[in-house]
Amino acid sequence: MSNDISCPRRALISGITGQDGSYLAEFLIKQGYQVHGIVRRTSLFNTDRIDHIYQDPHENNPQVFLHYGDMTDGTGLRRILHKVRPDEIYNLAAQSHVKVSFDQPEYTADTVATGTLRLLEAVRDYMDETGSVVRIYQAGSSEMFGSSLPPQSEVTPFHPRSPYAVSKVAAYWYAVNYREAYGMYIANGILFNHESPRRGETFVTRKITRAATRIKLGLQQKIYLGNLASRRDWGYAGDFVEAMWLMLQQEKPDDYVVATGEAHSVEEFLEAVFAILELNWREYVEIDARYFRPAEVDFLLGDPVKVRNVLGWKPRVNFDDLVRMMVESDLELARQEKTLRDAGHRIVSRGMAIG
Ligand code: NAP
Ligand code: GDP
């Protein structure tokens, strides 16, 4: 850790442009950190979620710095480490979509599993060379539990059901191994599903709130979904990122399940969304086989006793608040789309067919 109190602590976030990365960056800025983020190169800008906190580096006293890098490029990761000299690293970067991982298993393993290994190796060498101490948060997932029966806790065996989940299990064990072998400070968070208005639009919650609000305003007629019976323990991403930070403030590194302790089915999520909009979901939902997975995870329900007792963390936003927050935000987005459409602009519903 930086000893000089005039020097802010430096956090490095891989995946800063993602849902969690954006909330975590906001939170760390409030805690007084200088925040550095790894951004992968894309042909279009991919910084929508963090544009509101990013300042041009030419301006005075910026708090957020972005660095081009990729989890598939170890050399670049090493260079970033030496440049940033972070006190804390949050490894959030991932091909994070379960269904996509069946289509791109090798790439998923490369970013999620081997990418984590590349980062751990880079940090190990960096600490040896500089004598610095770096604390690492590793983003694990409830998907690692897969078909293990609920409620799932830190002692529940893993039984992953997708290339994504298998890769997360590998990353989890790399983290444990580097902790045991080299005494590195690495905490695994095993986070259950967490959502927000910034959730990717091909995850089921956001896919539903986007579609339902567009249906409400006459911009779309139907929504096509897969398995409505699966159950998830859905929380709010803004709450969950605080648990990541708390894990790195403990004397010793450990692993924690982060969850609300309450589960709902996809059908219940649909019910709740369409009820707010005063619509009957059954009139708009079609089942499409392409959205079923080759192997499903039926029931995830976290046991959050440890995170509550040891870290003092509990969620502030409950299921109903989360649904309402997402519906209100997407209704506003749909209103903006409608205004554009009514003004003669062509509105494209992007990527809805994929996830
Ligand atoms: P997300 O919105 O999909 O964000 C993933 C981030 O990783 C994005 O910034 C993405 O960049 C970046 N990324 C993808 N491939 C990369 C690569 N090869 N090199 C560098 N960066 C890359 O995911 P999230 O919901 O914020 O989740 C954060 C982490 O927690 C992920 O590891 C996810 O698997 C894990 N997790 C999420 C949940 C959940 O419910 N949200 C639950 C448990 C675990 P682009 O913006 O350019 O795509
Ligand atoms: P996951 O828990 O990380 O796989 O998060 P998702 O939001 O992608 O999926 C949650 C659950 O919703 C899974 O059991 C999916 O099979 C189910 N689901 C049903 N229809 C869809 C769909 O159209 N898209 C997605 N992404 N999931 C769907």
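The values are calculated or read from the model by the stated rules, or taken from the named source; none is laboratory data. Bear in mind that the values here come from a model prediction, so they are computed numbers and not experimental data. For neighbour counting, all protein chains shown are included, and Cβ atoms are generated from backbone atoms with ideal geometry for every residue, glycine included. Surface areas here come from the heavy atoms of the whole protein model, side chains and all, with no ligands, DNA or RNA. Shrake-Rupley method; radii C 1.70, N 1.55, O 1.52, S 1.80 Å.
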Got a sec to turn the phi values of segment 70-85 into Karplus ³J(HN,Hα) couplings, 6.51 cos²θ - 1.76 cosθ + 1.60 with θ = phi - 60°, whole Hz, x for Gly and Pro? 8, 5, 8, 10, x, 4, x, 4, 4, 4, 5, 4, 5, 6, 7, 6
So which residue, out of Ile13, Ile223, Ile38, gets the largest mean-square fluctuation from a GNM of the chain using Cα contacts under 10 Å as springs? Ile223
Only helices counted: for the chain, with every DSSP H run of 4 or more residues adding -39500 (n - 2.57) and the sum spread over all residues, [θ] at 222 nm is -12000 deg cm²/dmol
Convex hull volume of segment 36-140 per residue (C-alpha atoms, cubic angstrom): 125 Å³
Heavy-atom accessible surface of segment 113-198: percent carbon and sulfur, 1.4 Å: 52 percent
For segment 205-216, what does the Karplus curve 6.51 cos²θ - 1.76 cosθ + 1.60, with θ = phi - 60°, yield as ³J(HN,Hα) per residue in whole Hz, taken in order and with x for Gly and Pro? 4, 5, 4, 6, 5, 5, 5, 4, 6, 5, 4, 4
Could you list which residues have their amide H under 5 Å from that of Ser141, counting only those 5 or more apart in sequence or on another chain, with H placed in the peptide plane? Leu191
Normalised by the residues of the chain, what does the relative contact order come to in percent, with Cα pairs under 8 Å and at least six apart? 16 percent
D (µm²/s, integer) via Stokes-Einstein for segment 166-246, Kirkwood Rh across alpha-carbon pairs, 37 °C, 0.692 mPa s: value 209 µm²/s
Proximal lysines to Lys252, defined as alpha-carbon separation beneath 19 angstrom and excluding residues fewer than eight positions away on the same chain: Lys306
What does the accessible area per residue of segment 145-239 come to in Å², with a 1.4 Å probe and no ligands, DNA or RNA counted? 35 Å²
Give me the dipole magnitude in Debye, nearest 20, for the chain about the Cα centre, with unit charges on the beta carbon: positive for Lys and Arg, negative for Asp and Glu. 540 debye
Segment 220-355: radius of gyration over Cα atoms, expressed as a fraction of 2.2 N^0.38 Å: 1.30
Once segment 198-298 is represented by equal point scatterers at the alpha-carbon sites, with solvent omitted, what log10 I(q)/I(0) does the Debye formula produce at q = 0.14, 0.18, 0.21 Å⁻¹? -0.65, -0.92, -1.13
Taking N as the number of residues in segment 87-163, what value does Rg over Cα atoms divided by 2.2 N^0.38 Å take? 1.31
Rg in Å to one decimal, and Dmax rounded to a whole Å, for the chain via C-alpha atoms: 20.4, 63
Lys207: which lysines have alpha carbons under 27 Å from its alpha carbon, excluding same-chain residues fewer than 8 sequence positions away? Lys99, Lys168, Lys216, Lys222, Lys314, Lys338
Under the Karplus curve 6.51 cos²θ - 1.76 cosθ + 1.60, θ = phi - 60°, whole-Hz ³J(HN,Hα) for segment 40-45, x wherever Gly or Pro sits: 8, 6, 10, 6, 10, 4
Once Rh is set to the Kirkwood radius over Cα pairs, what Stokes-Einstein translational diffusion coefficient, in µm²/s, holds for segment 118-262 at a temperature of 20 °C and a viscosity of 1.002 mPa s? 124 µm²/s
Using a probe of 1.4 angstrom, how much of the accessible area of segment 257-355 is carbon and sulfur, in percent? 48 percent
Segment 201-276: relative contact order as a whole-number percent, Cα under 8 Å and 6+ apart: 39 percent
